[in-house]
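The values are calculated or read from the model by the stated rules, or taken from the named source; none is laboratory data. Only a predicted model underlies this, so the values are computations on that prediction, with no experimental measurement involved. All Cβ positions, glycine included, derive from the backbone under ideal geometry; neighbour counts span all protein chains shown. Calculation scope for accessible area: heavy atoms of the full protein, side chains included, ligands and nucleic acids excluded. Shrake-Rupley method; radii C 1.70, N 1.55, O 1.52, S 1.80 Å.
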Amino acid sequence: MPPSDTHLVSLVFPPEPVWVRAAREAVRTLLAAADRRDLADTALLLTSEAVTNSVNACLRSGCSTPVTLFAEWADPHHLRVLVQDEAPGLPVPYAPATEDDEHGRGLALISYGADAWGVCAHGPGPGKATWFELSPLSPAPTSAPAIG
């Protein structure tokens, strides 16, 4: 399992598109600290999609409360990423996007790329959280034994 001081990151930011990159970098840092770069491509893509969905939901609804990202090792073999916002309503998957569509792929990508995912409403407000989990195909890399 990753060391206890590198098992969790969180980031709270305004619902503005410029923060999507910072959210990705927070997850990239968590993966690097745990020496799990093998999950980076999928984790960063899915993080981008989840954060973008939250930011866009906030912008559409006029919600100005912060978006929150949590990323953690749920156990030694499962990375969990959760993105929470206070925009009303739950995300709805669009009909399959065509190659010319600029929107509508986010939840489909999360569904396809994650080992598990979901959306949950929480608390007394209108907000929700979108989460996903990734499991590596192989155990964490270890140092090669010294030869000689």
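Tabulated data for the structure shown
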read-out: Accessible solvent surface per residue of segment 1-76, calculated while the other protein chains remain in place, 1.4 angstrom probe, Å²; value: 50 Å²
read-out: Per-residue ³J(HN,Hα) for segment 75-80, Karplus 6.51 cos²θ - 1.76 cosθ + 1.60, θ = phi - 60°, Hz, x for Gly and Pro; value: 7, x, 10, 9, 8, 10
read-out: Burial order of peptide ranges 42-54, 13-25 (average beta-carbon count within 10 Å, highest first); value: 42-54, 13-25
